[in-house]
Amino acid sequence: FEYTGDYQEFVVPSSGYYVIELWGAAGGGAGAINSYEGSRGGAGGYAKGKVYLSAGQKLYVYVGGEGYYGARTVKSAYGGPIGGYNGGGDGGNSTSGSGGGATDIRLVAGNWNNTESLASRIMVAGGGGGADNVGGTRGGGDDGSGGSGGGITSEGAFINGVESDKFVATQTTG
């Protein structure tokens, strides 16, 4: 499934076991409009599982939207770019990137933030963190690159060029 900004329906064609793979969306980089200037956004998470599904059963696929770069004109209440579709966090200031949205499979359709729909999720791949520090150089002393989306554990965010174990996503924490 491709990103559309809304959920997509999948009707199970025949009963049996299905392997599902999901990739969360990347976070937005800092400052400019592409990934080669400033600090980068974190990569989206990955999830894979096997589930028994019945013929005719409906699943709802929510493909996360990529986080936005700090230069984006659509701003959040914080002055940074709005988060990517399906739960990406808003950027904290005008030069930071926003978080990428999660990609998930649900049993109940609804808006991406509908409580009943969220409670019906059977698998989730988290989105990557947005970057901070417009002047950052990837891997350099001023790198503010976002952390990767969580799996069991993820890559941490970079603070001054060093991966921080303080900002690591897991299956139970963002």
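The values are calculated or read from the model by the stated rules, or taken from the named source; none is laboratory data. From a predicted model like this one, the values you see are computed outputs, not experimental measurements. Backbone-built Cβ (ideal geometry, glycine too); neighbour counts: all protein chains shown. Please note that ligands, DNA and RNA were not included when accessible areas were found on the heavy atoms of the full protein model with its side chains. Shrake-Rupley method; radii C 1.70, N 1.55, O 1.52, S 1.80 Å.
Please report the net charge: other residues with Cβ closer than 14 Å to the Cβ of VAL124, K and R +1, D and E -1.
Neighbourhood net charge equals +1.
Which net charge results for the neighbourhood of GLY27, defined as the other residues with beta-carbon distances under 11 angstrom from its beta-carbon, given Lys and Arg at +1 and Asp and Glu at -1?
-1
Quick one: how many Å² of LEU59 are accessible to a 1.4 Å probe, rounded to 10?
LEU59 has an accessible surface of roughly 10 Å² with all protein chains in place.
Note down the net charge around GLN8, summing +1 for each Lys or Arg and -1 for each Asp or Glu among other residues with Cβ under 14 Å from its Cβ.
-2
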